[in-house]
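Provided herewith is a single structure, encoded as structure tokens, for subsequent inquiry.
The values are calculated or read from the model by the stated rules, or taken from the named source; none is laboratory data. The shown structure was predicted, so the numbers you read here are calculated from the model rather than taken from an experiment. Virtual Cβ from ideal backbone geometry, glycine too; neighbours counted across all protein chains shown. Calculation scope for accessible area: heavy atoms of the full protein, side chains included, ligands and nucleic acids excluded. Shrake-Rupley method; radii C 1.70, N 1.55, O 1.52, S 1.80 Å.
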Amino acid sequence: MTAATSDYLPDDRRVVLLVSTPRVAPGVLTRDAWAALGAARQVWSATDEPQAEAIIESGIDVVAQDRADVPTLARRIVTAADTGTVVWVGSADGDPGLNEAIATEVTRLPEPPDVEVLIGAYDLPGARLLDVVAVMDRLRSPGGCPWDAEQTHESLVPYLLEEAHEAVEALESGDTDHMREELGDLLLQIAFHSRVAEEHETAPFDIDDVAGGLVEKLVRRHPHVFADVDADTPEAVEANWETIKAAEKEDRLHPLEGVPSSLPALARAEKYVGRLEKAGRSDLLDDAEAAADLGARLLGMVRRARASGVDAEGALRETLRRLVAASEGRPRPE
């Protein structure tokens with residue numbers, strides 16, 4: 001099989017396999033695809049294909065075919081090409097086995113028709129995210145997975161926490177395969193919670209609402225990119241970001257409101273130190289350190305680490321990794 005050209009004639013003995021992606025709207029096809037469809041003597045498709053329905057709406061006749069018997073369908077497509085160009089509109093599932101069956105048919109003929117593959121639509125970056133949404137919907141819907149169907153936001157919380165910690169571990173490992181896998185597991189949690197939220201009785205939302213809110217926030221907090229604010233250094237960007245966040249959270253009752261209590265104590269201490277210093281309340285930190293107990297001394301170490309630009313939580317994790325390596329008799333990481 002060869003890649004198709006843009007020169008189509010209805011009387012050609014030709015089979016054109018029109019391949020497109022289900023991740024873009026039906027009918028969004030290349031110029032060559034529409035040229036092939038318009039010039040074909042016959043256009044065939046499996047029944048109930050959205051792409052075929054869009055082609056019919058454009059004024060091109062499409063004959064529905066049964067895919068149950070793939071070898072028979074392949075033989076009929078190849079035979080029909082004896083009288084002129086036949087375009088097969090590929091199905092969303094890729095028509096399993098059809099290409100192979102057509103190849104088998106043409107190899108047994110002394111003068112077979114030309115068989116060409118024409119790419120009619122391509123995936124956009126991020127298109128596989130649509131597959132995540134579709135798979136999650138299938139799992140959650142009637143006839144899907146019984147375990148997935150009974151989950152709630154509350155029951156999924158432990159998995160979200162676990163996957164977040166595993167993603168951090170993967171990112172710090174430097175192993176890109178591990179990173180990809182764990183980020184996928186974290187993405188699953190977002191998709192899962194969004195799908196559960198669709199079923200809320202009074203205030204439902206879906207993955208598009210989640211993504212839309214994120215886009216609005218990113219645009220709002222990057223006026224130096226999307227508007228006319230000047231911020232050409234990382235420090236200026238950070239200062240501008242904090243100003244915008246402060247305006248968004250101006251109804252906050254106190255500086256530490258909103259810091260999750262589920263954070264590990266060391267990470268939460270870093271958040272508290274940062275919030276109080278930015279709020280001009282370092283006196284509260286001084287008072288807490290004055291207690292001179294172990295917790296106060298740990299808080300002081302967090303303050304000193306932050307002042308030196310060191311992530312105390314990350315530094316401790318690295319020390320613990322070295323400890324694990326030593327206990328297993330492995331060489332120390334560089």
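Which one of these does Leu9 not meet: (1) among the aliphatic types (A, V, I, L, M); (2) part of a loop (DSSP other than H, G, I, E, B); (3) surrounded by 20 or more Cβ atoms within 10 Å (Cβ to Cβ)?
The number of the failed condition is (3).
Taking the stated definitions as given, is Thr202 of a type in the set (S, T, N, Q), under 21 Å from Glu154 (Cα atoms) and loosely packed, with under 11 Cβ neighbours inside 10 Å?
yes
Looking at the structure I just gave you, is Ala36 open to solvent by less than 30 Å² (accessible area, probe 1.4 Å), in contact (Cβ under 8 Å) with a residue 12 or more places away in the chain, within 14 Å of Gly120 (Cα to Cα) and in a helix (DSSP H, G or I)?
yes
Six or more apart or on different chains, Cβ atoms under 9 Å: show the pairs whose first residue is in the range 306-334 and at pLDDT 85 or above and open to solvent by 90 Å² or more (accessible area, probe 1.4 Å) and whose second is of a type in the set (Lys, Arg) and part of a loop (DSSP other than H, G, I, E, B).
Hits for this filter: Arg322/Arg332.
Which one of Val225, Val237 is surrounded by 14 or more Cβ atoms within 10 Å (Cβ to Cβ) and assigned to a helix (DSSP H, G or I)?
Val237
Among Ser261, Ser308, which is within 32 Å of the chain's Cα centre (by Cα) and not aliphatic (A, V, I, L, M)?
Unique residue meeting the criteria: Ser261.
Here's a follow-up. Every residue in the range 190-204 that is part of a helix (DSSP H, G or I) and either closer than 15 Å to Glu150 by Cα or among the β-branched types (Val, Ile, Thr) (or both), please.
Within the range 190-204, Ile190, Phe192, His193, Ser194, Arg195, Val196, Ala197 meet the criteria.
Suppose we filter the range 22-36 for residues that are touching a helix residue (DSSP H, G or I) at 6+ places or on another chain (Cβ under 6 Å) and either within 13 Å of Trp88 (Cα to Cα) or not assigned by the TED database to the domain that holds Gly94 (or both); how many remain?
Going through the range 22-36 one residue at a time, the tally reaches 0.
Any idea which residue in the range 235-271 is nearest to Gly300 (Cα to Cα), counting only those that are of a type in the set (Ser, Thr, Tyr) and without any contact (Cβ under 8 Å) to a residue 24 or more places away in the chain?
Ser261
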